[in-house]
Amino acid sequence: MNAMVEIQLIAAVTAAACAIPGVFLVLRKMALISDAISHSILPGLVIGFFITHDLASPWLIIFAAFSGIITVILVELIQKTGLVKEDTAIGLVFPALFSIGVILIAKNANDVHLDVDAVLLGDLAFAPFDRFLINGVDYGPKGLWIISVILVITLLLLVAFYKELKISTFDIGLSSALGFSPVIMHYGLMSVASVTTVAAFDAVGAILVVALMIAPAAAAYLLTTHLKKMMVLSIIFGVGSAIGGYWVARWLDASISGSITTVLGLLFLMIYLFAPSKGLIAVLLRQNRQRTEVSLLTFLLHLNNHDSIEERRVAHLQEHINWRKVRANAVLKLAEKNNMITIQDQVVSLTTKGRQFTEKALDYIITNEDEQIEDMKDDFFLFRG
């Protein structure tokens, strides 16, 4: 297997491993905690190295994961005081822990160079050179094995605790009532996120870990409200961006991690703009349609309440309803197109269909029955042109 394929495999498996906890972090509105964990694991790594004196020791992962959990605990303790919000607490905790890690390195390992590429960006290009050897037999990149094991464990935990995770994410009260401890689920999720971050940290760096955890999940969230679909989409987006980012990096002769992050950002931007229901353009169109719907209903109610011909003349509508000419004409055309009104000699009158709709709308407004406005639109074929 050549280095080019190995780099893409490492990136793809890392993306899949990060996507799963990332979905729950996004749903729990804890996206920023991934950034905190990715930085605050440094003191755990340093302490683990000082104890074991072995960069390949699994104890480094354990200490780093413990450091990540401490981060979550400290953030929650500060937040629970009520003096600051969660984002402020995160902004206080992770710089402090990251700084402690830097100080420990500076005091005890002065000859170690902490460069931006190693700590923040990572370098996937060098990941294939760290081999997994047993009795002289090369089994491939060590990073690929580590992140693959983490992915398998994460999938097994997800299958085993899917129901508990789902309930505790969407309804903490129901989770407690059913006997599922939301606290255990919370810290279990944080532990998985911490271990995944540690496993990915060496190969891809802190920035890409955050991007792979949050961007795919956030993009998937804009496309679906179904949890399983969201996880599948998140994995697809993460893996696709990882592989796509690698080829962009080759094309531009740029940083692989930086290119993957850029592709993730562009992917999210496209979905943010063009998602069918939650995208920015769809939201703006929906808001515009809702304003038109309210205007139309206001216009129909005005006609229903005024029998005087003078009150119903086209030329006087702008004055009576206090609309601009363009808006008044647009509402007139919409009402006429949907057969709600007729216009004769510049006098507007409700049709039978328009009167039925208006009476039904009044009944809904006054009584606030369970009947839905959307059903009314379907009944009278409104707003379909």
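The values are calculated or read from the model by the stated rules, or taken from the named source; none is laboratory data. Just so it is clear, the model here is predicted, and its values are computed rather than measured. Cβ atoms come from the backbone with ideal geometry, glycine included; neighbour counts cover every protein chain shown. These accessible areas exclude ligands, DNA and RNA; they are computed on the full protein's heavy atoms, side chains included. Shrake-Rupley method; radii C 1.70, N 1.55, O 1.52, S 1.80 Å.
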Could you list, in sequence order, all residues of region 17-28 that are open to solvent by 10 Å² or more (accessible area, probe 1.4 Å) and farther than 15 Å from Tyr221 by Cβ? none
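Against the definition (over 26 Å from Ile33 (Cβ atoms) and either part of a loop (DSSP other than H, G, I, E, B) or under 22 Å from the mean Cα position of the chain (by Cα) (or both)), how does Ala254 come out, yes or no?
Values: over 26 Å from Ile33 (Cβ atoms): yes; either part of a loop (DSSP other than H, G, I, E, B) or under 22 Å from the mean Cα position of the chain (by Cα) (or both): yes.
Taking the combined requirement at face value, the residue satisfies it.
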Residue check, Leu223 against (1) within 30 Å of Tyr272 (Cα to Cα); (2) assigned to a helix (DSSP H, G or I); (3) not β-branched (Val, Ile, Thr), all met but one. Which one? (2)
Going by the conditions given, is Ile207 more than 30 Å from Val283 (Cβ to Cβ), in a helix (DSSP H, G or I) and of a type in the set (Val, Ile, Thr)? no
Selection within region 21-53 - part of a helix (DSSP H, G or I), within 14 Å of Val210 (Cα to Cα) and β-branched (Val, Ile, Thr): Val23, Val26, Ile33, Ile37
Among the residues of region 190-216, what is the count of those that are under 23 Å from Ile73 (Cβ atoms) and either open to solvent by less than 10 Å² (accessible area, probe 1.4 Å) or in contact with a strand residue (DSSP E or B) (Cβ under 7 Å, 6 or more places away or on another chain) (or both)? 9
Given Ile70, Ile100, Ile105, which one is within 22 Å of Gly188 (Cβ to Cβ) and either touching a residue at least 24 places away in the same chain (Cβ under 8 Å) or surrounded by fewer than 23 Cβ atoms within 10 Å (Cβ to Cβ) (or both)? Ile70
If you scan region 278-297, which residues turn out to be free of Cβ contacts under 8 Å to residues at least 40 places away in the same chain, touching a helix residue (DSSP H, G or I) at 6+ places or on another chain (Cβ under 9 Å) and open to solvent by less than 60 Å² (accessible area, probe 1.4 Å)? Ala282, Ser295
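Let's see how each residue does on (1) over 40 Å from the mean Cα position of the chain (by Cα); (2) crowded, with 16+ Cβ neighbours inside 10 Å:
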{"residue": "Ser241", "(1), (2)": "no, yes"}
{"residue": "Val248", "(1), (2)": "no, yes"}
{"residue": "Gly265", "(1), (2)": "no, no"}
{"residue": "Gln344", "(1), (2)": "yes, no"}
Could you pull out the residue among Leu144, Leu133, Leu174 that is open to solvent by 20 Å² or more (accessible area, probe 1.4 Å), modelled with pLDDT under 90 and not in a helix (DSSP H, G or I)? Leu133
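Yes or no: Leu45 in the same structural domain as Pro141 (by TED's automatic domain parsing) and closer than 14 Å to Ser194 by Cα?
Values: in the same structural domain as Pro141 (by TED's automatic domain parsing): yes; closer than 14 Å to Ser194 by Cα: yes.
Against the criterion (in the same structural domain as Pro141 (by TED's automatic domain parsing) and closer than 14 Å to Ser194 by Cα), Leu45 qualifies.
Quick test for you: out of Val183, Val152, Val198, pick the one residue that is in contact (Cβ under 8 Å) with a residue 12 or more places away in the chain, of a type in the set (Val, Ile, Thr) and assigned to a helix (DSSP H, G or I). Reasoning before the result, please.
Numbers: Val183 fails: in contact (Cβ under 8 Å) with a residue 12 or more places away in the chain; Val152 fails: in contact (Cβ under 8 Å) with a residue 12 or more places away in the chain.
Unique residue meeting the criteria: Val198.
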